[in-house]
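See structure below.
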Amino acid sequence: ETERVDLDVFGMTCAACSNRIEKVLNKQTGITQATVNLATESATVEYNPSIIEEADMIHRIQKLGYDAKRKA
Ligand code: 9UX
């Protein structure tokens, strides 16, 4: 089972920022595909909800010094 969530990501100012977040998310068990878009300041994450939840992703992003929340 795979779910997808779209997140607004705050604090990215260069391509290294988005690449860093993308790399960290893609290393997480339970995340099958994460894409981070600097221009739209957003991320799309496909994941297995029985392994990882949205709050875990957001915490990971916050640990890197950025912030995120589910897109309205
Ligand atoms: Mo670019 Mo982002 O130098 O923290 S990596 S601003």
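The values are calculated or read from the model by the stated rules, or taken from the named source; none is laboratory data. Predicted model only: the values in this text are computed from it and were never measured. Heads up, the Cβs are rebuilt from the backbone with ideal geometry, glycines too, and the neighbour counts pull from every protein chain shown. For accessibility, only protein heavy atoms count, side chains too; no ligands or nucleic acids. Shrake-Rupley method; radii C 1.70, N 1.55, O 1.52, S 1.80 Å.
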| Ignoring ligands, DNA and RNA, what percent of the 1.4 Å accessible area of the range 1-56 is carbon and sulfur? | 44 percent
| Highest-first arrangement of 40-47, 14-21, 65-72, where packing means the average Cβ count within 10 Å | 40-47, 14-21, 65-72
| Using modelled amide H (1.01 Å from N, peptide plane; none on Pro or chain starts), what sits under 5 Å from the amide H of Glu41, excluding residues fewer than 5 places away? | none
| field | Euclidean distance between Cα centres, the range 18-41 to the range 56-72, Å | value | 11 Å
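On full extension of the chain, what length is gained from Asn26 through Glu41, given 0.36 nm per residue of separation minus the C-alpha to C-alpha distance?
Working: separation 15, 0.36 × 15 = 5.40 nm, distance 1.74 nm.
Once the chain is fully extended between Asn26 and Glu41, it gains 3.7 nm.
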| query | What list of ³J(HN,Hα) couplings, whole Hz, do you get for the range 24-34 from phi and the Karplus terms 6.51, -1.76, 1.60, once you set θ to phi - 60° and write x for glycine and proline? | reply | 5, 5, 5, 7, 6, 4, x, 9, 8, 7, 10
| said: Suppose only helical runs count, i.e. DSSP H with n ≥ 4. What mean residue ellipticity at 222 nm does that imply for the chain under -39500 (n - 2.57) per run, divided by all residues and rounded to the nearest 500 deg cm²/dmol? | reply: -10000 deg cm²/dmol
| message | Could you derive backbone 3J(HN,Hα) for the range 61-72 from the dihedral phi with the Karplus parameters 6.51, -1.76 and 1.60 (θ = phi - 60°), listing whole Hz in sequence and x where the residue is Gly or Pro? | response | 5, 5, 5, 7, x, 10, 9, 7, 8, 4, 5, 5
| So for the chain, what are the equivalent ellipsoid semi-axes in whole Å, largest first, each being the square root of 5 times an eigenvalue of the Cα gyration tensor? | 18, 12, 11
| Excluding ligands, DNA and RNA, what is the solvent-accessible area per residue of the chain at a probe of 1.4 Å, expressed in Å²? | 61 Å²
